[in-house]
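Notes for the one structure printed next.
Rule-based calculations on the coordinates, nothing more; no lab input. All values reported here derive from a predicted model rather than from experimental measurement. Methodologically, a virtual Cβ is constructed for each residue, glycine included, from the backbone with ideal geometry; neighbour enumeration extends over all protein chains shown.
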Amino acid sequence: MKLACASSSLHRDIERGELTQLEFLDLCARELACDGVVLDVRHFPRNDNDYLAQVKKMATDRGLTIAALADPVFFSATQSSMSEVLAQAAALGAPLVAAPLARETEFSWAEQLARLGIATGLAKARNVTLALRNAAASFAATTHDCKRVAKEADSAWLRFGPDPARFDTASDARVLASNTVLLWSDFTCESKDCSDMLDAFDGFRGHLVIDDTSGAAPVPELRDTVARWRRAILNRR
């Protein structure tokens with residue numbers, strides 16, 4: 001398992017202009033000692049080829065993998081917006097786009113399924129896999145929901161990117177393990193949380209992404225969380 005930090009964990013600072021996306025890359029490499037990053041699409045000041053090349057080169061120079069792009073509204077977006085995000089991922093060499101489904105009050109299931117069909121078709125054309133995130137009150141709130149989505153979408157380009165701690169108590173995240181390509185964990189997780197997830201996803205070789213849904217994680221606590229996860233992983237070897 002490799003460790004990544006999501007730029008969404010520092011959304012407040014980036015939105016206020018107190019931290020740039022490039023500074024976030026430096027922070028992850030030098031202070032947080034991550035293996036990779038997940039870049040939120042909201043944090044790109046530009047999407048032109050020159051800037052994307054700069055981000056890709058800087059990540060490479062810092063020894064960071066761009067594990068995924070994260071887009072909180074990808075599965076609710078228009079076809080042109082989906083295409084733009086997937087093109088961005090392809091240009092950066094990011095193999096995944098991580099996103100939750102729409103809230104159940106936003107669309108009907110038929111409308112969401114139609115958008116899923118469009119999204120997976122576009123993802124296949126770009127060779128970028130979609131990592132479905134679970135979220136409360138969305139069409140993928142429980143593991144049962146996630147399995148239903150995967151069955152009805154019926155696409156090899158749709159996989160899972162769950163945060164096991166955000167499922168309800170009736171859900172067992174282990175049922176998603178075989179098709180999980182990304183894992184998420186809150187920066188406030190304790191050592192036992194790390195051990196429980198490592199047990200549930202034994203053998204997972206992708207990135208575990210540390211995030212903060214409030215977008216205001218203190219950097220020292222992010223650093224401590226990365227170190228806690230690193231110890232937990234090493235202790236299992």
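Quick check on segment 2-235: of the DSSP beta bridges with both residues there, what percent are antiparallel, nearest 5%?
So the antiparallel bridges in segment 2-235 amount to around 5 percent.
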- Message: Please compute the Kirkwood hydrodynamic radius over segment 105-237, one decimal place, Å, based on all pairs of different Cα atoms.
- Response: 16.0
- Query: For the pair Thr60 and Ala165, what calculated FRET efficiency results from E = 1/(1 + (r/R0)^6), where r is the Cβ-Cβ distance and R0 = 35 Å, to the nearest 0.05?
  - Reply: 0.65
- Task: Grab the DSSP H runs of the chain that are 4 residues or longer, score each as -39,500 (n - 2.57), total them, divide by all residues and round the 222 nm result to the nearest 500 deg cm²/dmol.
- Result: -13000 deg cm²/dmol
- Item | Mean Cβ count within 10 Å, highest first, over the residues of peptides 146-153, 185-192 | 146-153, 185-192
- Message: Shape verdict for segment 83-125, please, from the Cα gyration tensor: rounded (a/c under 1.5), prolate (a/b greater than b/c) or oblate.
- Response: prolate
- Query: According to a simple spin-label model (label point 7 Å from Cα along Cα-to-Cβ), what is the distance in nm between Ala87 and Ala156?
  - Reply: 2.6
- Quick one: Karplus J couplings for segment 8-18, per residue in order, coefficients 6.51, -1.76, 1.60, θ = phi - 60°, nearest Hz, x for Gly and Pro? 5, 5, 10, 4, 4, 5, 5, 5, 7, x, 7
- Query: If you stretched the chain out fully between Lys2 and Glu104, how much longer would it get, using 0.36 nm times the residue separation minus the C-alpha to C-alpha distance?
  - Reply: 33.4 nm
- Convex hull of the chain built on C-alpha atoms - directionally averaged projected area, nm²: 12.1
- Item | Links that overshoot a 26 Å alpha carbon limit, given the list Lys57/Lys147; Lys2/Lys151; Lys2/Lys56; Lys56/Lys151 | Lys57/Lys147; Lys2/Lys151; Lys56/Lys151
- Applied in sequence order to segment 136-143, the curve 6.51 cos²θ - 1.76 cosθ + 1.60 (Karplus, θ = phi - 60°) yields integer Hz couplings, x standing for Gly and Pro, of 4, 6, 9, 6, 10, 8, 10, 5
- Query: Once a ≥ b ≥ c are taken as the square roots of the eigenvalues of the Cα gyration tensor of segment 23-140, is the result rounded (a/c under 1.5), prolate (a/b larger than b/c) or oblate (a/b not larger than b/c)?
  - Reply: prolate
- Using packing as a proxy for protection, rank 73-80, 49-56, 23-30 so that the peptide with the highest average count of other Cβ atoms within 10 Å comes first. 23-30, 73-80, 49-56
